[in-house]
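The values are calculated or read from the model by the stated rules, or taken from the named source; none is laboratory data. Just so you know, these numbers come straight off a predicted model, no measurement behind them. Neighbour counts are summed over all protein chains in view; Cβ atoms, including those assigned to glycine, are modelled from backbone coordinates with ideal geometry. Ligands, DNA and RNA are excluded from the accessible area calculation, which covers all protein heavy atoms including side chains. Shrake-Rupley method; radii C 1.70, N 1.55, O 1.52, S 1.80 Å.
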Amino acid sequence: DQTALPVPAVVSAEAAVQHLPDTKPRWPASARPIVYHPLHEKALKKSGLLGFEDAMSITGDIVCGHPDRHVVRVRIGEGVSSRMVYIKREHQVGFKNRFKNWWAGFGWASRSEREAMMLQALEYDGIAAPRWLAYGSDRRHRAFLIVEEVPDSIDLRTFLAQETRSDHELQRLAEWAGRIIADIHDAGYTTPELAAKHVLINQQDHTITL
């Protein structure tokens, strides 16, 4: 599920490994409780995100929930450095989930770790995607991923429902989306969950993020 965030495109395990040899989740679940994006580590620590338990305990609006996981939308930081983020928390990473990711070539990873790998790979290839900020897992089989909210954007369903759009505007939007999807495919990725709720449109310039 993606809630207000787009599901990242899925790259092959081999491509992710080639691009990011140091970020594969091959470590035991307890070995790296928290991994920061190198460009945002200082700001995250200043905002109070100092360890795994901090990420698991931050309160906010639950925008999507399941028995074993949920997604929280919350603002972290203060002043100009504050930002809206989504914290995807897994309360119990099951064997089936880890085995599925291992079988796909991503190591003994949780959903959070696998999605982080995808976002890292997209960032490496210069493809627009939500920015990952931190992720981790612990010995209790819990995991999390923090992703920055795409600024001033709404999903395609909301965009189309807001007002009547002209045929020209819709055609231009479709062309933009087509170019982005083509670029993603050309880079070696696929888009298995390309639904309207996974297409984000900036309300000012109508740029698209998948």
Next on the checklist: Show me the ranking of peptides 57-63, 47-53 by mean Cβ neighbours inside 10 Å, starting with the highest.
Outcome noted: 47-53, 57-63
Checklist entry - Which FRET efficiency value, to the nearest 0.05, do you get for GLN171 and THR207 by plugging their Cβ-Cβ distance into 1/(1 + (r/R0)^6) with R0 = 22 Å? => result 0.85
Item to check | Solvent-accessible ranking of TRP103, TRP132, TRP108, TRP176, largest area first, probe 1.4 Å | outcome: TRP103, TRP108, TRP176, TRP132
Checklist entry - What length, rounded to one decimal in nm, is gained on full extension from GLU53 through to ASP183, with 0.36 nm per residue of separation minus their alpha-carbon distance? => result 43.0 nm
Item to check | ASP152 versus VAL80: modelled label distance in nm, points set 7 Å from Cα along the beta carbon direction | outcome: 1.8
Checklist entry - Using a 1.4 Å probe, what is the accessible area per residue for region 81-200, in Å²? => result 51
Next on the checklist: What figure, in Å² to the nearest 10, do you get for the accessible area of LYS45 with a 1.4 Å probe and non-protein molecules left out?
Outcome noted: 80
Checklist entry - Hey, any idea what % of region 52-114's accessible area is carbon plus sulfur with a 1.4 Å probe? => result 56
